[in-house]
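The values are calculated or read from the model by the stated rules, or taken from the named source; none is laboratory data. Remember, it's a predicted structure, so these values are computed and weren't measured experimentally. Here the Cβ is made from the backbone with ideal geometry for all residues, glycine too, and neighbour counts use every protein chain on show.
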Amino acid sequence: MKTKLLVFMFLAAALLCGSVSAIETENNGIRILPAGKVVVDGKYDDWDLSGGIFTCSGVETNRDIYSVWVHMMYDKDFLYVLARWNDPTPVNNPGSSKGDFGFNGDCLQIRFITGYEKPGEKVSHWTCWRDREGLDVMDIGYGREFNEGTVRNAKEKGAMQAFQVNADQKGYTQEIAIPWSLITKDGNPLKAGDSMVMAVEPNFTAGLSGRITIKDIFRSGIVPDRVFTFRAYKHWGTGTLESKGKADLAPVRLSDDRYFPVVMKDGNLTVDWTGLIVSQLWPGFKKIDFDMPFDGYVSMNLIGPDGVVARQLLTENYFQKGKQSVDWDGLSSPSHRQPGTVLPAGKYTWKAIATKGFGVTLRGWASHSGKAPWTNGPTDDWGGDHGVPSACVFDGTRIIMAWNGAEGGKHVQGTDLQGVVQWGLKNTTGAGDPNVIAVDGGTVYILNAFYSSIPPVMTRADSSNGTYSWWKGRDSTVMPIKETWEKPEGMPDHFDGLDAKNGKLYATCSDPRIRPADVVDMKAFLIKMQAGGGVLDGIVNSLSERTRKNISEWLAGQQDKEPKPKRADNKDPLDTVVGKLNEMIAKEATGAAAQAKRRAVDAALGGSLRNLNTNLFVILDGSTGKVVKTWPLECGSFVRAVNDNLVYVLTGGIASQGDTAGGSSVVSIDPATGKVTPFIQGLKNARSLALDKNGKMYVGVAEPDQQVLVFSKEGKQISSIGRKGGRPAVG
């Protein structure tokens, strides 16, 4: 058989997001050794490395480029963590500590449970990283559900952290000291012989803003959850405080239950990977010899006399550098049903390619208009991935758009006037994505909607680059609406409309729908809902049988002192009841009717619902986010500010977004005096408005007309944009 030259192919390791056969490390614990004198400086010459564990995802290809040695020590004051990273782009997290999630790039996440499943249990989730401005961050979330408090800057409470980039720029060291007072219930240190439940999650920046993550330290005998590791508490492994150091070196354990020995070489731990990659070859009688130029993978085809591939003999099989051979059995390529058929005698040749290991990056997208159909930087990708465009403003240089549903995508994005993406901003507030944004003086104001149990908030961002910015006098980029009020009791926790002008924010709050947080006496609320009658009649009976049963059992004290009825049909019963009430309110044809229905609900439910002071026009300081003045305004929604003495507001509807009734009129209001003057009447389902430099007003109306109506500066309609009734469904 004639020998053909091997074709060598290389794939840049930095592009790897996972190997084709991604075997992961799966260490079942870590030994925490007693510390001597430790200086937290990013160096490890004062460390006992013998208790360390090696962590990696995709060991076959990533072990030398995306992996971390994790070591731990302790004394009476601190728990120490040392992470020695193999990373081709060291300490390059693209995020900002002003609002981005650290785990989306180079970052070490560590999770501890001390006093596991005992009265003194304390769960802490640590996120430790250095941001793009060089600020190093250590923040903590407490509780199994992250609902027992946070520490935004653990360094202010005695924690320490330092980084040191390797001389070859192929990795770095991250050294951490954690006070025992931040991870134990009583603040006292653990001692030799004690243990804690824990897990580690090192994260790497891949490309400009992609991510590679490792999950490790798991309990033995289980298949670990490597997706929702942060809440898979029963899967986490153990950290044990040893009484003495210089421990015997533990082998690296892989997820397929293989072990590889570790030795100390030149002061560092080294793994002997002999036998890591095993190739399964078919038996045969016709030998094919070839020279392998490096350790890597070979794919080989046998070409028949007719020039067609007769057999795929090797399919990414691993071989070490040097002379190698493989046998052919004279058969064609096998299938899942048979080993192959006998090929006729003739002249066969072979062709092959050799690689050092391919990586595969799986990407998916929808509604793409960015530079690239994936997220690999701030100018790639396009908008939200679970919602639709919801708002659009112009800062004089660029267009800024919002999407009302963005999980993996961007909830706010800036483009130039040709629509080319300039920057994208992810929602890191935990609240819902925005229906409303505003811009003024180089700052974008983002009104994040209510989501799940998280109330609405406002955030600020630099309109030139999409970076979150601080509220003045507040060490945060997030401002909960309820904290905008000097005296929040009885005041709204949400705004419906928002605009900004000359350093001031103008907002409305009139949506009469109920939020679960408005229920102040849950027992009285559910008892009255069960009783029904009047405006409440039939609501509880419309719920599923299981939901009704859970409510009855909770009211009867049969659910082990649960704070509210257990979930039914994968839904919170309280949320379900509130949702039914809101459906009833939202069906009303006008804002006034919807508010009348809310008043009837309030009366029927007595004092179990809090009464909020709504129907307000609110003026806030744009730098602090604090309310400075309010004026009464009935059923106001969308806001557009012109100057300090003129603001236009859509009125008459329930809300500017969603399936509720839109506005029926536009009024002008003087923020200085609160004087309200009618401007346009008789609109149908108006949702938004804009003005041009000549004073003409453009009002967007939804069904039935589906048009943009154009009005003169005197409020008279002069034209319209779009076909009345909207585009036909067909044609």
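Summary table below
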| item | result |
| --- | --- |
| Subset tally (residues that are farther than 22 Å from Asn104 by Cα, of a type in the set (Val, Ile, Thr) and touching a strand residue (DSSP E or B) at 6+ places or on another chain (Cβ under 8 Å)) for segment 404-461 | 7 |
| Residue among Thr173, Thr205 that is crowded, with 18+ Cβ neighbours inside 10 Å and under 26 Å from Asp46 (Cβ atoms) | Thr173 |
| Qualifying residue in segment 458-466 (condition: more than 15 Å from Asp395 (Cα to Cα) and out of contact with any Phe, Trp or Tyr (no Cβ under 8 Å at 6 or more places or on another chain)) | no |
| Lys482 in the same structural domain as Leu620 (by TED's automatic domain parsing), part of a helix (DSSP H, G or I) and modelled with pLDDT of 90 or more | yes |
| Identity of the residue in segment 681-730, part of a loop (DSSP other than H, G, I, E, B) and polar (S, T, N, Q), that ends up surrounded by the most Cβ atoms within 10 Å (Cβ to Cβ) | Asn685 |
| Extreme residue, nearest to the chain's Cα centre (by Cα), among residues of segment 37-86 that are among the aromatic types (Phe, Trp, Tyr) and under 14 Å from Leu108 (Cβ atoms) | Tyr66 |
| Residue within segment 558-566 that is under 28 Å from Val639 (Cβ atoms), in the same structural domain as Ile527 (by TED's automatic domain parsing) and touching a Lys or Arg at 6+ places or on another chain (Cβ under 9 Å) present | no |
| Filtered residues of segment 445-479 (kept if surrounded by fewer than 17 Cβ atoms within 10 Å (Cβ to Cβ) and either of a type in the set (Lys, Arg) or not assigned by TED's automatic domain parsing to the domain that holds Val421 (or both)) | Lys472, Arg474 |
| Only one of Gly658, Gly662, Gly625 that is crowded, with 17+ Cβ neighbours inside 10 Å and at pLDDT below 95 | Gly662 |
| Candidates Ser463, Ser476, filtered to the one that is within 20 Å of Ala406 (Cα to Cα), hydroxyl-bearing (Ser, Thr, Tyr) and out of contact with any Leu (no Cβ under 9 Å at 6 or more places or on another chain) | Ser463 |
| Residue that is modelled with the lowest pLDDT, among those in segment 553-566 that are under 17 Å from Val540 (Cβ atoms) and surrounded by fewer than 18 Cβ atoms within 10 Å (Cβ to Cβ) | Lys566 |
| Residue match in segment 254-265 (condition: in the same structural domain as Thr127 (by TED's automatic domain parsing) and farther than 21 Å from Asn28 by Cβ) | yes |
| Filtered residue count, segment 98-123, keeping only those that are more than 22 Å from Thr459 (Cβ to Cβ) and either under 19 Å from the mean Cα position of the chain (by Cα) or among the charged types (D, E, K, R) (or both) | 9 |
